[in-house]
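I have placed the structure first, in the form of C-alpha cells, so that the comments after it can refer back to it.
The values are calculated or read from the model by the stated rules, or taken from the named source; none is laboratory data. Keep in mind that what you see is a predicted model, and the values were worked out from it rather than measured. We place every Cβ from the backbone using ideal geometry, glycine too, and count neighbours over all the protein chains shown.
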Amino acid sequence: MLEMNDIQAGYGRTLVLHGVTLPSAKTVAVLGHNGAGKSTLLRVAIGLIKPRSGKVLFDGSDITSLAPNKRIARGMAYVPQGQQSFTQLTTMENLQLVADGRKHGKALIDEQLARFPALEKFATRKAGLLSGGQRQQLAIARALITEPKMLILDEPTEGIQPTIVAEIEHTVMQLASEGLSVLLVEQHIGFALEAADKYLVLASGFASSTGDGGASAAEGVRAAMAI
Ligand SMILES: Nc1ncnc2c1ncn2[C@@H]1O[C@H](COP(=O)(O)OP(=O)(O)OP(=O)(O)O)[C@@H](O)[C@H]1O
Ligand SMILES: [Mg+2]
C-alpha cells in the first residue's frame with residue numbers, strides 16, 4: 001500500500017502541494033478542480049517529482065528518493081493523463097514493448113487482449129489511429145503487463161466517448177475487486193467514490209477534505225469542491 005505524508009512539492013521555485021497527506025486505504029480517489037495539484041501528487045507518487053519535504057512509503061518501505069523505474073520494479077504502475085502511447089507503433093507493438101523480456105510476456109499480452117476486446121480487434125492498427133478511449137485502454141493494458149500491485153491512474157475517462165467511459169470504469173472497479181491497489185484521479189465524482197475506499201479533495205494544493213468512499217460521500221465532496 002502507498003503512503004504519502006505531508007508532501008510539499010512543485011516545479012522550480014513554485015510550490016504546488018502544501019503538505020498533503022494521502023488517506024491510507026487500498027483504493028484512494030483524488031478529486032479537485034483543474035490546477036489543484038492532482039497530477040502533481042501522482043507524479044510525486046511514481047517518483048517523477050522529488051518532494052521538497054514529506055515521505056512516500058510503499059509496502060512500508062521509504063521510497064521517497066527511489067527512481068520511477070525502481071518503483072515500477074517494486075510493483076507500482078502509472079498511467080499518465082492524456083492517453084499516451086507510441087502513436088507510430090501498432091497496438092500489439094505497444095504491448096510487446098512492455099512485455100519483451102518478461103517471463104510470461106505472451107500470456108500477459110493475451111490476458112490484456114481478453115480484457116480489452118477493442119485492443120484485440122485493432123491489434124495491427126497504429127495507436128495513433130485508435131480512438132481516445134481505445135488508446136486509454138491500451139495505456140492501462142501496458143501498465144497491467146508489468147503485473148503491478150498498485151495502479152496509479154490520472155483521469156482515465158477524461159475526454160472519452162461515454163460508451164468507452166463505462167468500459168473503463170468497469171475495468172477499474174474490476175481491478176480493485178481483484179485486489180489491485182488503485183490511486184485514481186477522476187473528475188466523475190460518482191464513479192470515483194464508488195471505486196474508492198477513501199477520497200481526498202485537493203484545493204489549491206491543500207488537502208481540503210478527506211473521508212470514506214461510497215455513494216453517500218458525494219454530497220460532502222461536492223460541498224468541499226464548491227468552496
Ligand atoms: N511541468 C510543470 N511546470 C510548471 N508548473 C506546472 C507543471 N505542471 C503543472 N504545473 C502547475 O502546477 C499546478 C498544479 O497542476 P496539476 O497538473 O498538478 O493540476 P491538476 O489538478 O492535475 O489539474 P487538471 O485537472 O487540469 O489535470 C498548476 O498551477 C500548474 O500550472
Ligand atoms: Mg491533472
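Side notes on the structure shown:
- Residues in region 180-202 that are in contact (Cβ under 8 Å) with a residue 40 or more places away in the chain and of a type in the set (Gly, Ala, Ser): 181, 192, 195, 196.
- Taking region 65-85 as the range and being aliphatic (A, V, I, L, M) and touching a Leu at 6+ places or on another chain (Cβ under 9 Å) as the test, the residues that pass are 76, 77, 79.
- Reported count of residues in region 10-38, each being buried (at least 22 other Cβ atoms within 10 Å of the Cβ) and of a type in the set (Gly, Ala, Ser), is 4.
- Top-ranked residue of region 75-90 - restricted to ones that are over 20 Å from the mean Cα position of the chain (by Cα) and in contact (Cβ under 8 Å) with a residue 40 or more places away in the chain, ranked as surrounded by the fewest Cβ atoms within 10 Å (Cβ to Cβ): 88
- Helices (runs of 4 or more DSSP H) (entirely within region 102-208) containing at least 3 residues that are more than 16 Å from ligand 2 (Cβ to nearest atom) and among the polar types (S, T, N, Q): 162-177
Here's the yes/no breakdown for (1) within 29 Å of residue 32 (Cα to Cα); (2) within 20 Å of the chain's Cα centre (by Cα); (3) modelled with pLDDT of 95 or more:
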position: 119; (1), (2), (3): no, yes, yes
position: 129; (1), (2), (3): no, no, yes
position: 139; (1), (2), (3): yes, yes, yes
position: 149; (1), (2), (3): yes, yes, yes
position: 154; (1), (2), (3): yes, yes, yes
position: 159; (1), (2), (3): yes, yes, no
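- Against the conditions (1) away from ligand 2 (no atom under 16 Å from the Cβ); (2) more than 24 Å from residue 180 (Cα to Cα), residue 14 satisfies every one except (1).
- Number of positions in region 16-59 that are aliphatic (A, V, I, L, M), more than 8 Å from ligand 1 (Cβ to nearest atom) and part of a loop (DSSP other than H, G, I, E, B): 4
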